[in-house]
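Any read-out appearing in this document is the output of simple, stated calculations on the displayed coordinates, not a laboratory observation. For clarity, every value in this text was computed on a predicted model and none was experimentally measured. Counting neighbours? That spans all protein chains shown, and the Cβs are built from the backbone with ideal geometry, glycine included.
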């Protein structure tokens with residue numbers, strides 16, 4: 001996934017359907033079929049890819065109430081992760097450095 005540019009992972013189509021890009025099948029699928037693994041892949045893309053895109057939740061009306069709830073919650077959480085991206089990466093790098101230092105102290 002790294003290196004792909006401007007991939008729209010969550011989108012609302014012209015008919016009001018909420019969809020997500022299923023990377024294994026390389027196609028858009030109804031958001032009601034999203035799995036935990038799909039969410040992990042999307043979050044990985046948020047952190048790793050500069051070209052991550054998703055349709056704005058306010059942009060269009062989602063017809064199916066279940067799709068609307070799922071899309072809204074995912075959208076809000078992804079926006080939070082995007083806003084905290086730098087802090088998340090810094091915390092991960094700090095934890096890795098601490099683990100590396102601890103390991104190196106054990107073998108020295």
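Quick look at the values:
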{"item": "Residue 25-residue 86 FRET efficiency (beta carbon distance; Förster radius 30 Å; 0.05 resolution)", "result": "0.40"}
{"item": "Angle between the chain longest axis and helix 36-48 axis [Cα atoms, degrees, rounded to 10]", "result": "70"}
{"item": "Share, in percent, of DSSP beta bridges within the stretch 8-107 that are antiparallel, nearest 5", "result": "80"}
{"item": "Coordinate range along principal axes, alpha carbons of the chain, Å, largest first", "result": "63, 26, 23"}
{"item": "Relative contact order (percent, whole number), the chain, Cα cutoff 8 Å, 6+ residue spacing", "result": "29"}
{"item": "Gain upon complete extension [residue 97, residue 77; 0.36 nm per residue less C-alpha separation]", "result": "4.5 nm"}
{"item": "Folded to 0 to 90 degrees: helix 65-83 orientation relative to the chain principal axis, Cα", "result": "30"}
{"item": "With Cα atoms, 0 to 90° folded angle of helix 85-107 axis to the chain main axis", "result": "30"}
